[in-house]
Amino acid sequence: MAAPSSRSEPQQLAEYSCSYVVSRPVYSELAFQHQRERRLQERRTLRDSLVRSCSCSRKRAFGILKTLLPILDWLPKYRVKEWLLSDIISGVSTGLVGTLQGMAYALLAAVPVEYGLYSAFFPILTYFVFGTSRHISVGPFPVVSLMVGSVVLSMAPDDHFLVPSGNGSASNMTTLDTGTRDAARVLIASTLTLLVGIIQLIFGGLQIGFIVRYLADPLVGGFTTAAAFQVLVSQLKIVLNVSTKNYNGILSIIYTLIEIFQNISDTNIADFIAGLLTIIICMAVKELNDRFKHKIPVPIPIEVIVTIIATAISYGANLEKNYNAGIVKSIPSGFLPPALPSVGLFSDMLAASFSIAVVAYAIAVSVGKVYATKHDYKIDGNQEFIAFGVSNVFSGFFSCFVATTALSRTAVQESTGGKTQVAGIISAGIVMIAIVALGKLLEPLQKSVLAAVVIANLKGMFMQVCDVPCLWKQNKTDAVIWVFTCIMSIILGLDLGLLAGLLFGLLTVVLRVQFPSWTGLGSVPSTDIYKSIIHYKNLEEPEGVKILRFSSPIFYGNVDGFKKCVKSTVGFDAIRVYNKRLKALRRIQKLIKKGQLRATKNGIISDVGSSNNAFEPDEDIEEPEEIDIPTKEIEIQVDWNSELPVKVNVPKVPIHSLVLDCGAVSFLDVVGVRSLRMIVKEFQRIDVNVYFALLQDDVLEKMEQCGFFDDNIRKDRFFLTVHDAILYLKNQVKSREGQDSLLETITLIQDCKDPLELMEAEKNEEELDVQDEAMRRLAS
C-alpha cells in the first residue's frame, strides 16, 4: 500500500473546450478609419451650453426641486404600515444613545454638556429635509468634536479668564471665571459651526463633492485612529480627574500625557473607579451585542443603563461632597433662543474650518455609502454637502457645535430596523424630551462616566490598527500612507496631520505615475495574446522586433522615465548609436581623403599594405571631429553590425522595429507628444521604425492637434492591436527577403580632384571586366 503523499496534489485547472477563429484584415488606424466611418462629435459652443443649462421646463424644474429637497422624492413613497413601527423602535433606541453621546462629546468640544444635547437635536431637523441617506444618524462625532475643541481651546484658553480672587490679603491670587469662559467657548463653537456650514454649502453649490475621493481609505483609517488616540488622552484626564493645561498645536498630545503622569498622584479614586467600571461594562456588553446581534432584536442600550445607575449612585452617595468627584452640576432645562454668532471671528478660524468641513463631510458620506450599498440605494455626494451645510448653518444659530454622523449611533439606527430618516426625527424627539424634562435629573452624573462612554465607543477606531499588517501585504504604499497619516496626526495635531497625510498621499500618486510599471512583451505561440516576458515563460519575441507596454499616461512628469523604459527594452541608446556611427563615418571620410580606404557601392575597401591609422583609441565619444570635404557626391554602404575598418565602438542594433503598446496611455500632454515625436525620429536615423498599437481615440486626436504627424510619421504606423502591428511587420520582412536591411546608405562629399576620380575609373574598369567575362562565357 502506497504511503500517503505529504504534499497535496496541485489543483487541476479546468480546460475550456471552446475556441474561436477570427479572420479579418490587418488594420492600421488609417485603414480602419477609411473602412469604418467615424462619427462626427458634436462640439457645443459656450453659448449653446449656457442656453441648454438655462432652459427650463416643468419636468426639469420639478427634477431640480426633488434634487435639492430629497424629502419630496422619498416621503410620498413612505410605507406607513410596513416601516412606521420599525422607525419608532429605531428612533427611540437611537435617541437614548444620542442623548448620552451628545453630552459626552460636548466634553471633547470644550463646551458645557447641555450644548451637546442641542447638537444632537437641531441638525436632525434640517437633514431630514435635505439629506439623501436614509440611515445615518446626524449629530456629534468624537473626531470632529475634538477638532472643534482644539479650535475652541486655542482661541479661549483658561489663562484668558483668570480674575483676582477678591481676597484683599492675597492680591496675587486668581480664580477662573468659568461662566465667562464657557460663554466665550460656546460663542466660538457656534461661530465655527456657522462657518463650516457656509463652506460646505459653497462646496455643494460648486458641485465639488468629488473632493472626498482624495481622502483615501488608508488616509482616513490612519487619521481616525490618531484621532481616537487623541480623544483617549483628552478623556483620560477627566476619568482620572487630573487637572492639566490646555495644550494645543504640535506635540500637544505628548505634553498632555506627560502632565497627566506627572499629576497621577492627584487621581480622584471615586472618578477613576466609576470611569473604569463604565469602560469595562460598556465594552463587554457591546461585544455581546455584536456577537449575538442575530438573536437580540434590539441592542442593549448599555450607555443609558450605566448612566442611570451611575447617576443614582452619585446622588445617593453624594460623591461630589464626600469624595470631591467631578459631576455635571447644572443642566438648564429647555432651549436657548437663537443667537447670531460672532462673524468677526471668521478670520481666526478659517483654516481650521476647511479641514473640519471636509472631515465631517467625508465621515458622513463614507458611513452613508456603506448603508446605501447594503440597502440598494444611492446617495448624492454634492447634495450631502448641501444637507450638512444647511444643518450646520441652522445649528450655528442655536449654540451647537459641528454635526456629522457617528458610526455607533448609525449602527444602532440601522440594526434596530430603521428604514428612513423618520427614525432620525423620532430620535430627535427623544433628545428634546431629555432637554426639556431630564436635565435636572442628570446633574449628579459624574463627568468621568461620560468620558468613559466616549472611550468605550473608540474600540472600533482603535481596531483599525489590525488592518495595517493585511494592508502591508496587499499594498505597501497604502500601508505607508496609513502609518504616516496616523503618526503625523498624533504629532502635528489633527488639522495639520490631515493636511500632511493628504499631501503625502498625493505625492505617492505622483511618484507612481512618474515611475510607472512597464514591461517587454512576447506572444503566446500561434495566438494574438501578448504577455510580459518577465512574468511568463515560453513566450516568443518576433525576430528583429521589440514590444514595449507602458502603463501610464505620458506627460512632462514621466517623459524621462518613459525614455529610460524604451532604452531598457531595446537594449541600446538610439542617440549614442547615431553619434557613434557619425564618428565612424567621419573617420572613414578622413581615411578616404588620405587614400587609405576606397569607397564603392559595394562597401569600403582598405588598400593592401597601407597602414590604417584609423585604429586608434576611441576617445572624445560625444565630440566628433568636424571634417570639411566639399563638392561631388558618391554613395557607399556600411554594414554596421560587421567589423568596421576604424576602431570606433559602434553599438550593435539587433532590431529593425519597435512596437509601443499604448493601451494603458490615458492621455498625453504637449511635452509627451513632442517627446514621442523625438523618439520616433531618433530611431528612424538608425534605421529602426517605431509603430504604435492600441491608442485610444482621444489620445490619437491629441497627437493630431499637437502636430505629431508629417510625411515621415504617418498614420499607417498606428495599429488597432499589437498583433496587427506584428503581422504587418512579418509581411514586410517577407517582401524584403534577399535585401540586407542593416546596410545604410550615406552621402559623402569628396573633392573631384582627389580619390573620387580614381574610384570612378576603377568602378568603370570593374564593370568592363564583368562585361568581358560575360562575353567570353557566351562565346564559349
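The values are calculated or read from the model by the stated rules, or taken from the named source; none is laboratory data. These numbers were taken from a predicted model, which means no experiment stands behind them. No Cβ is skipped: glycine too gets one built from the backbone with ideal geometry, and neighbour counts run over all protein chains shown. What goes into the accessible areas is simple: the full protein's heavy atoms, side chains included, and nothing from ligands, DNA or RNA. Shrake-Rupley method; radii C 1.70, N 1.55, O 1.52, S 1.80 Å.
Report every pair of residues separated by at least 6 positions or lying on different chains whose Cβ atoms are under 6 Å apart, first residue within the stretch 571-588 and closer than 22 Å to G520 by Cα and hydrophobic (A, V, I, L, M, F, W, C), second assigned to a helix (DSSP H, G or I) and open to solvent by less than 20 Å² (accessible area, probe 1.4 Å).
A574/F683
If I filter the stretch 313-334 for residues that are under 21 Å from T416 (Cα atoms), surrounded by fewer than 16 Cβ atoms within 10 Å (Cβ to Cβ) and either in contact (Cβ under 8 Å) with a residue 24 or more places away in the chain or in the same structural domain as V233 (by the TED database) (or both), do I get at least one hit?
Just the residues of the stretch 313-334 that are under 21 Å from T416 (Cα atoms), to begin with: none.
No, the stretch 313-334 has no match at all.
On the basis of being part of a helix (DSSP H, G or I), in the same structural domain as M349 (by the TED database), open to solvent by less than 10 Å² (accessible area, probe 1.4 Å) and polar (S, T, N, Q), does S145 make the cut?
yes
Is it the case that the stretch 189-200 has a residue that's assigned to a strand (DSSP E or B) and open to solvent by 50 Å² or more (accessible area, probe 1.4 Å)?
So the first thing to find is which residues in the stretch 189-200 are assigned to a strand (DSSP E or B), and the list is none.
No, the stretch 189-200 has no match at all.
Going through the stretch 256-301 one residue at a time, which ones are in a helix (DSSP H, G or I) and among the basic types (K, R)?
Result: K286, R291.
Can you tell me which residue is farthest from L192 (Cα to Cα) among those in the stretch 125-140 that are of a type outside the set (D, E, K, R) and open to solvent by 10 Å² or more (accessible area, probe 1.4 Å)?
T132
Check F388, F354 and return the single one that is open to solvent by less than 70 Å² (accessible area, probe 1.4 Å), of a type in the set (F, W, Y) and in the same structural domain as L206 (by the TED database).
F388
Restricting to the stretch 648-678, and then to whatever is surrounded by 14 or more Cβ atoms within 10 Å (Cβ to Cβ) and either modelled with pLDDT under 50 or basic (K, R) (or both), can you tell me which residue is nearest to V545 (Cα to Cα)?
If we take residues in the stretch 648-678 being surrounded by 14 or more Cβ atoms within 10 Å (Cβ to Cβ) and either modelled with pLDDT under 50 or basic (K, R) (or both), then R677 is nearest to V545 (Cα to Cα).
Hey, can you tell me all the residues within the stretch 425-464 that are closer than 18 Å to S137 by Cβ, open to solvent by less than 30 Å² (accessible area, probe 1.4 Å) and assigned to a helix (DSSP H, G or I)?
Result: S427, A428, G429, V431, A434, I435, V453, V454, A456, M461.
Before we move on, is I88 at pLDDT 85 or above and under 30 Å from I455 (Cα atoms)? Reasoning before the result, please.
Numbers: at pLDDT 85 or above: yes; under 30 Å from I455 (Cα atoms): yes.
Criteria met by I88.
If I go through the stretch 222-255 residue by residue, how many of them are open to solvent by less than 20 Å² (accessible area, probe 1.4 Å) and either charged (D, E, K, R) or outside any helix (DSSP H, G or I) (or both)?
Number of matching residues: 1.
Would you check which residues across the stretch 69-94 are of a type outside the set (A, V, I, L, M) and more than 27 Å from I302 (Cβ to Cβ) and list them?
Correct list: P70, D73, W74, P76, K77, Y78, R79, K81, E82.
Report whether or not V304 is in contact with a helix residue (DSSP H, G or I) (Cβ under 8 Å, 6 or more places away or on another chain) and at pLDDT below 85.
yes
Filter the stretch 557-587 for residues that are modelled with pLDDT of 90 or more and part of a loop (DSSP other than H, G, I, E, B); which is surrounded by the fewest Cβ atoms within 10 Å (Cβ to Cβ)?
G571
I need the full set of residues from the stretch 588-597 which are in contact with a helix residue (DSSP H, G or I) (Cβ under 9 Å, 6 or more places away or on another chain) and either acidic (D, E) or open to solvent by less than 10 Å² (accessible area, probe 1.4 Å) (or both), in order please.
Within the stretch 588-597, I592, L597 qualify.
Just wondering, is there one or more residues in the stretch 471-494 that are on the phi > 0 side of the Ramachandran plot, out of contact with any strand residue (DSSP E or B) (no Cβ under 6 Å at 6 or more places or on another chain) and not assigned by the TED database to the domain that holds G672?
So far as the stretch 471-494 goes, yes, one or more of its residues are on the phi > 0 side of the Ramachandran plot, out of contact with any strand residue (DSSP E or B) (no Cβ under 6 Å at 6 or more places or on another chain) and not assigned by the TED database to the domain that holds G672.
Quick test for you: out of L96, L108, L146, pick the one residue that is hydrophobic (A, V, I, L, M, F, W, C) and touching a Ser or Thr at 6+ places or on another chain (Cβ under 6 Å). Give the steps one after another, and end with the answer.
Details: L96 fails: touching a Ser or Thr at 6+ places or on another chain (Cβ under 6 Å); L146 fails: touching a Ser or Thr at 6+ places or on another chain (Cβ under 6 Å).
Selected residue: L108, the only one of L96, L108, L146 that is hydrophobic (A, V, I, L, M, F, W, C) and touching a Ser or Thr at 6+ places or on another chain (Cβ under 6 Å).
Please go through the stretch 660-675 and pick out each residue that is in a strand (DSSP E or B) and under 27 Å from the mean Cα position of the chain (by Cα).
Those that are in a strand (DSSP E or B) and under 27 Å from the mean Cα position of the chain (by Cα): D661, L668.
Does the stretch 676-702 hold any residues that are out of contact with any Ser or Thr (no Cβ under 8 Å at 6 or more places or on another chain), over 16 Å from P654 (Cα atoms) and outside any helix (DSSP H, G or I), and which are they?
The answer is F692, L695.
Taking F223 as the residue in question, decide whether it is touching a Ser or Thr at 6+ places or on another chain (Cβ under 8 Å), assigned by the TED database to the domain that holds K369 and among the aromatic types (F, W, Y).
Judged against the criteria, F223 is a match.
Among the numbered criteria (1) in contact with a helix residue (DSSP H, G or I) (Cβ under 8 Å, 6 or more places away or on another chain); (2) open to solvent by 20 Å² or more (accessible area, probe 1.4 Å), which single criterion is violated by L219?
(2)
For H160, only one of the following conditions fails: (1) open to solvent by 10 Å² or more (accessible area, probe 1.4 Å); (2) out of contact with any Lys or Arg (no Cβ under 9 Å at 6 or more places or on another chain); (3) assigned to a helix (DSSP H, G or I); (4) modelled with pLDDT under 90. What is its number?
The failed condition is (2).
For the stretch 302-405, please list each of the helices (runs of 4 or more DSSP H) lying entirely inside it that holds at least 1 residues being touching a Pro at 6+ places or on another chain (Cβ under 7 Å) and at negative phi.
Details: elements: 302-317, 319-323, 346-374, 381-396.
Filter on the stretch 302-405 gives 302-317, 381-396.
Quick check on the stretch 429-442. Is at least one of its residues over 26 Å from the mean Cα position of the chain (by Cα) and among the charged types (D, E, K, R)?
yes
Looking at the stretch 517-529, which of the residues that are more than 30 Å from the chain's Cα centre (by Cα) and in contact (Cβ under 8 Å) with a residue 60 or more places away in the chain is nearest to D560 (Cα to Cα)?
S523
Where residues in the stretch 530-545 are open to solvent by less than 40 Å² (accessible area, probe 1.4 Å) and assigned to a strand (DSSP E or B), which of them is farthest from W518 (Cα to Cα)?
V545
Can you say whether S552 is out of contact with any Lys or Arg (no Cβ under 6 Å at 6 or more places or on another chain), closer than 27 Å to Y728 by Cβ and modelled with pLDDT under 90, as far as the supplied structure shows?
yes
Let me confirm something: among A451, A423, A456, which residue is over 28 Å from Q235 (Cβ atoms) and modelled with pLDDT of 85 or more?
Checking each option against the conditions leaves just A423.
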